[in-house]
Amino acid sequence: MKKSWPIIKKIFFWIFLAHLCWAVYFILKIQPFNDFDPKFFIKIGLILVIVPVVIVGLIYWFFKSTRAFINRSLSLIFNILSICYISSLLYFFLVTVVNPPITITQLGSLVTGNGLSRDYVSGNAMGSNSKLAVMASEDQLFPDHDGFDLKAIKLAMKYNKRHPNKTRGASTISQQVAKNVFLWQGGGFFRKGLEVYFTFMIESFWSKKKILQTYLNIAEMGRGIFGVQAAARSYFNKDAKDLTRSEAAMIAACLPNPKKYTVVPVSRYVASRYDDIMRQINNLEGDPDVQDLIR
């Protein structure tokens, strides 16, 4: 292993460079160069993730110092970054074919005493109502975007600037899957930058059906309750596929803060948001792309 590690590092270094070029193409595809908004990408932390990795890699490979201490330090940093990058790729492709063994959010729920109730099910076992409800609630453009709703993000940034004591999110279902499967809760530019990376990976390799199914399996839908199947059993004593449209909308209404906004008993927020979700469900269900996803 000691002899093969330098070869593995070189192989993955070139994979990383190709990966980086692909990511830049992906970003420019969703945000054309003639409409480029650098503040947007700085805000989400993309530069804070990519630039340091590129700089360290280039320094290590092309500007090696003759000083032993600096050389060892660069080598250590590059080894750590290589391990992180290779591990993230391997884990990503693992959860492409199997359900996540456990997420950081689920582990945190268990450690903090909130418990862990989950039951992964297939897309067919989720039923159409739960799929329709979460799209109506969380991401109405989900079938059409490439992982980011730029208009919603810009509006949220303007709102948050005007209301510093309030925070409005604009994460798509794809971004929430990236955060919930691979990362942790909370903000910060660094985590947002990693979220962009994993969202790019998800949108590049997973189908929309896979993304939606994963979201419905791992999203927190109550204190210690993860996934629509566990939520359906906990709140209505039935399987997810048997949820009525009304019941699915109530579960979807709690998603912004499932520990605070309760489904049973119905919190004031869930009750107020329920009607809006039902209207959006009626608006979305006739869309052919939406119909393809909920089948």
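Things worth noting here:
- Whole-angstrom gap from the range 116-152 to the range 263-295, using each part's C-alpha centre: 11 Å
- The gain in end-to-end length when the residue 87 to residue 102 segment is fully stretched comes to 3.8 nm, 0.36 nm per residue minus the alpha carbon separation.
- Summed side-chain charge close to residue 224 - residues other than residue 224 whose Cβ falls under 11 Å, Lys, Arg +1, Asp, Glu -1: +2
- Counting only Cβ charges, +1 for Lys and Arg and -1 for Asp and Glu, the dipole size of the range 104-294 around its Cα centre is about 860 debye.
- Under-5 Å amide H pairs with residue 225, H placed in peptide plane, nonlocal only: 117
- Likely footprinting exposure, 74, 20, 132, fewest C-beta neighbours within 10 Å first: 20, 74, 132
- Order of 233, 118 - criterion: other Cβ atoms within 10 Å of each residue's Cβ, fewest first: 233, 118
- Between residue 116 and residue 259, full extension at 0.36 nm per residue minus the direct alpha carbon distance yields a gain of 50.2 nm.
- Stretch gain in nm, segment residue 279-residue 125, where the contour uses 0.36 nm per residue and the Cα spacing is subtracted: 53.0 nm
- Here the spin labels are modelled as points 7 Å beyond Cα on the Cα-Cβ line, and at residue 80 and residue 15 they lie 2.2 nm apart.
- Computed over the range 104-294: relative contact order in percent, which uses C-alpha pairs under 8 Å that are six or more apart: 32 percent
Every read-out reported here was derived from the displayed coordinates using simple, explicitly stated rules and does not represent laboratory data. Because the structure is a prediction, the values reported are computed rather than measured. With ideal geometry, Cβ positions are generated from the backbone for all residues, glycine too; neighbour counts draw on all protein chains shown.
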